[in-house]
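The values are calculated or read from the model by the stated rules, or taken from the named source; none is laboratory data. Since this is a predicted model, take the numbers as computed values, not measurements. Reconstructed Cβ throughout: ideal geometry from the backbone, glycine too, with neighbour counts over all protein chains shown.
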Amino acid sequence: MNSSGDEQSELETAAMLSVDDLPEAPIAVENPGGTRIENRDEPDSSELVTVIGLGGKRVELHRLAAAFWFRLVDSARADGLRSPLLLPVSGFRTSKRQEELWSQAVKRYRSEEAARRWVAKPGQSAHHSGRAIDCWLGTPTDSKNVRLQRDSDAWAWLNENAERFGFYPYPDEPWHWEYNPPWSDAT
C-alpha cells in the first residue's frame, strides 16, 4: 500500500504484509468464486493476519483479503475518500464468537427469522473464512443505518470499484464485503 502517514501504519503495520509482492489481479481462493463466499470453513491460523482497524481495533483477516483490501483502500484514498472510511470494523470470527452474536441478535430482533437477516447462525457465517470484512462507512454497522450507508459516497465507491479488488457485497448489509475473486485456469 502506498498511502502516507498514519493511514499506512494503521493498515499495514500489524499485518506485516508485503502487498507489493502480490500480483495485480486478486488471487482466487475458491472455485468458481466471483460472488459471495461459499466455503465458510475457518482457515489455517497461518493464513490469518491481524490488521489495525477503526479506532485502533485489532481485526483478524485472511492474508489475501487483507492485502487486497489495502489496495482497495489505497485506490479509494486516491479517489478522495478519507480515513477512517473503509477501515475494517470486523473480520474473522470463530464459531464461538458467532454463537454469541447470534444469541444477541435473537434477543434484539425477537425471533430467529428476523435475526437471520442480520446475523448468520454459527457455522454459516462468511466471517468464519476470514475473508468477510465489515468496514466503516461513516456510521455504526447496524441495521438501523442501512439507508444512511447506502446513501454514502463510500458505499457508492465500493459498489463501483470493489469487484476489481475481488470483493463482493452482501446485499442486506452495506458494510459487509467478501473477498472471493473468480477462479480462472491461470489460478
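Key figures
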quantity	calculated
Hits in the stretch 83-116 (condition: within 30 Å of residue 161 (Cβ to Cβ), part of a loop (DSSP other than H, G, I, E, B) and of a type in the set (Lys, Arg))	93
Tally of residues being within 12 Å of the chain's Cα centre (by Cα) and either among the aromatic types (Phe, Trp, Tyr) or not in a loop (DSSP other than H, G, I, E, B) (or both) across the stretch 178-187	2
Residues located in the stretch 125-177, provided they are among the hydroxyl-bearing types (Ser, Thr, Tyr) and assigned to a helix (DSSP H, G or I)	129, 143
Hey, residue 175 touching a Cys at 6+ places or on another chain (Cβ under 6 Å), farther than 17 Å from residue 39 by Cβ and either surrounded by 15 or more Cβ atoms within 10 Å (Cβ to Cβ) or polar (S, T, N, Q) (or both) or not	yes
Residue match in the stretch 70-82 (condition: buried (at least 22 other Cβ atoms within 10 Å of the Cβ), aromatic (Phe, Trp, Tyr) and part of a helix (DSSP H, G or I))	yes
Scan of the stretch 78-103 for residues that are of a type outside the set (A, V, I, L, M, F, W, C), modelled with pLDDT under 95 and closer than 21 Å to residue 174 by Cβ, ordered by number	98
